[in-house]
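Derivation of every value follows stated rules applied to the coordinates shown; laboratory data play no part. In this text the structure is predicted, and so the values were computed from the model without any measurement. Positions of Cβ are generated from backbone atoms using ideal geometry, with glycine treated the same way; all protein chains shown enter the neighbour counts.
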Amino acid sequence: MTIKPFHLAWFLQGSSIQAWGAEWSGNISEEWMSADMFLDLARSLERAAFDYLLIEDSIYIGQNWKNSRDIFLRNGMSVPRQEPSVVASLMMAATSRVGIVPTLSTFAYHPYLTARIIGTLDQVSAGRAGWNMVTGSSDFSAQNFGLDALPEHDRRYEMAEEYIEIVTKLWNSWEPGAIVADRASGVLIDPAKVHTIDYEGRYYRSRGPLNSGPCPQGRPVIAQAGGSAKGRRIAAMYADTIVAHAKGIDAMKEYRDDIRRQLVSFGRDPESCKVLFLLSPVLGRTMAEAQARADQRAIDAAANIDVRLAQMGWSTNIDFSGFDLDAPVGTLATNGHQSSLEQFLRKAGKRTLREAIVSYSSSGGSVDLIGTPDAVAAQMGEVMQEVGGDGFLFSLPDVSRKSVVEVTDGLVPALQQRGLVRKTYQHRHLRDTLLEF
Ligand SMILES: Cc1cc2nc3c(=O)[nH]c(=O)nc-3n(C[C@H](O)[C@H](O)[C@H](O)COP(=O)(O)O)c2cc1C
């Protein structure tokens, strides 16, 4: 039976001091500005032949606990957070094969700027750039940009369709071969091959051409993470890779099958978009050590309920500080991350808020994998066999050089020995790396 290899990526929740307080995190509170820790991360992922590293972003300091920023600042929760496009360029300079995918939010950057920033990153990396397209989740972030609140959830996706149209049209505003660089005639660029886009939309307008020039990939890679109906639809229309948080094998299969159906309905090849599922495995030299670590995750969650609920509030725009911890969660709604809240509520069922948040925040992502690198590698192969593909997006609560190499130099070699992931890169451009299998 031929094993179809799968893809690996890493979800970095922002270049910051997020490992503050975690073991093996060195002097991160003194060294974080240089981003060295995250350059080492990128180098380790390249050594393990990962497809890409996705840099998460949200442009505000949390205030979803007692309507105060205190708990976020005291614990360094998603703050300080450096500008992802700057850190991405440093990572690109420190590597030569791994893809780097910064997040740029549609409410914060004008589409012309996004086209230019990602286009330039694609140039300086010789074709390894991607863009994680997000529409935002918090009114506090909108208020940093002069808005009272974020537009309504589904309208944000409607606006995002125009936004992506402009970005991709600007990337295509340079025809191949536009830069002739003819020393004899002294002509650098053929004017006939560079065009305006003259886009007039309901929400956005842009004339073009893109002044930063052509991109090595032609069209850099677009990543998306929407779980709602609107989110899935826009992903199936434009994304080359989707980062998903679906809980359990059935939900993972349902999600991927639905996306592939929609890809076909938009006239796209279902293989042209790779769905990678969030994974936070618990590794140990022995099964007992791994299980002890998994138990510790639940103990830590139970000991820090406030912090965990504030984190949940941060992505769902809900302030849980006034809720009764020992009462059932009940029904909730959000204009923020709808699928994240839905998943939390589905998993909570009739449990109390305390029980629900401990179980949700100590879980291992889409599937709970605990064990030695070899055991977890086998489980990852089985999960992918059942779901059909296309890979995993690692996300660890405590990013330290130690926790990273446990994955890149412990788990990945075990996966490579089983022929489940690539051992070396075959392509230079991120798009081709994603389409390799
Ligand atoms: C793996 C993953 C990564 C994400 N990264 C970001 C991010 O960097 N910034 C952000 O604002 N939202 C991020 N999101 C949130 C999504 O963009 C989206 O808003 C969320 O999944 C809810 O989508 P929905 O409202 O369509 O269900 C991420 C979601 C997932 C699952």
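For the peptides 183-195, 130-142, 353-365, what is the packing order when you average, over each peptide's residues, the other Cβ atoms within 10 Å and list the highest mean first? Present the calculation step by step, with values, prior to reporting the outcome.
Details: 183-195: 11.2, 130-142: 23.3, 353-365: 19.9.
Going from most to least packed, we get 130-142, 353-365, 183-195.
Whole-Hz Karplus ³J(HN,Hα) for segment 368-381, in order, using 6.51 cos²θ - 1.76 cosθ + 1.60 and θ = phi - 60°, x for Gly and Pro?
So the Karplus estimates, Gly and Pro as x, are 8, 10, 10, x, 6, x, 5, 5, 5, 4, 4, 5, 4, x Hz.
Between their Cα atoms, which of K230/K274; K169/K247; K253/K402 are more than 26 Å away from each other?
Where the Cα-Cα span goes over 26 Å, the pairs concerned are K169/K247; K253/K402.
Place +1 on the Cβ of every Lys and Arg and -1 on the Cβ of every Asp and Glu in segment 287-361, take the dipole about the Cα centre, and give the residue among F344, A310, V358 whose Cα lies farthest towards its positive end.
Value: F344.
Please work out the Cα convex hull volume for the chain and give it in Å³ per residue.
Working: hull volume 66.3 nm³, N = 437.
Hull volume normalised by residue count: 152 Å³.
Post the alpha-carbon centroid distance, segment 190-241 to segment 128-181, in whole angstrom.
8
So how tilted is helix 249-265 from the main axis of the chain? Cα-based, degrees 0 to 90, rounded to 10.
The two axes meet at around 20 degrees.
What value, in deg cm²/dmol to 500, does the helix sum -39500 (n - 2.57) over DSSP H runs of n ≥ 4 give at 222 nm once divided by the residues of the chain? Mind dumping the intermediate values first?
Working: 17 runs with 178 residues, N = 437.
Counting only the DSSP helices, I get -12000 deg cm²/dmol.
What residue among N211, N172, N335 shows peak mean-square fluctuation when the chain is described by a Gaussian network model with Cα springs under 10 Å?
Per the Cα network of the chain with a 10 Å cutoff, N211 tops the list.
Could you sort 424-436, 301-313 so that the peptide with the highest average Cβ count within 10 Å comes first and the rest follow in order?
Working: 424-436: 17.2, 301-313: 19.0.
Output ranking for 424-436, 301-313: 301-313, 424-436.
Compute the acute angle (0 to 90°) between the alpha-carbon long axis of helix 111-124 and the principal axis of greatest extent of the alpha-carbon atoms of the chain; round to the nearest 10°.
Roughly 90 degrees between the two axes.
With a cut-off of 8 Å between alpha carbons and a minimum separation of six or more residues, what is the relative contact order of the chain in percent? Before the final figure, lay out each step's value.
On the way: 822 pairs, mean separation 94.1, N = 437.
Relative contact order for the chain comes out at 22 percent.
Sort 76-83, 241-248, 99-106 for me by packing, meaning the mean count of neighbouring Cβ atoms within 10 Å per residue, highest on top. Numbers along the way, then the final one.
Working: 76-83: 17.8, 241-248: 23.0, 99-106: 25.6.
Order by mean packing, descending: 99-106, 241-248, 76-83.
Classify segment 265-406 from the C-alpha gyration tensor, please: rounded if a/c falls under 1.5, else prolate or oblate depending on whether a/b exceeds b/c.
Details: a/c = 2.14, a/b = 1.19, b/c = 1.80.
Oblate, since a/c reaches 1.5 and b/c is not below a/b.
With +1 assigned to the C-beta of every Lys and Arg and -1 to the C-beta of every Asp and Glu, and no other charges, what is the dipole magnitude of segment 361-437 about the Cα centre in debye, to the nearest 20? The partial results should precede the final answer.
Values: 7 positive and 10 negative charges, 73 e Å.
Using only the charged Cβ atoms, the result is roughly 360 debye.
In degrees, nearest 10, range 0 to 90: what is the angle between the Cα axis of helix 229-238 and the longest Cα principal axis of the chain?
Tilt relative to the chain: about 40 degrees.
On a straight-distance basis, which aspartates and glutamates could pair with K347 in a cross-link, Cα separation under 17 angstrom, same-chain partners fewer than 8 positions away excluded?
Partners found: D250, E254, D326, E355, D368.
Using the crude model of +1 on Lys and Arg Cβ and -1 on Asp and Glu Cβ, and no other charge, please compute the dipole size for segment 287-361 relative to its Cα centre, in debye to 20.
Numbers: 8 positive and 9 negative charges, 47 e Å.
Using only the charged Cβ atoms, the result is roughly 220 debye.
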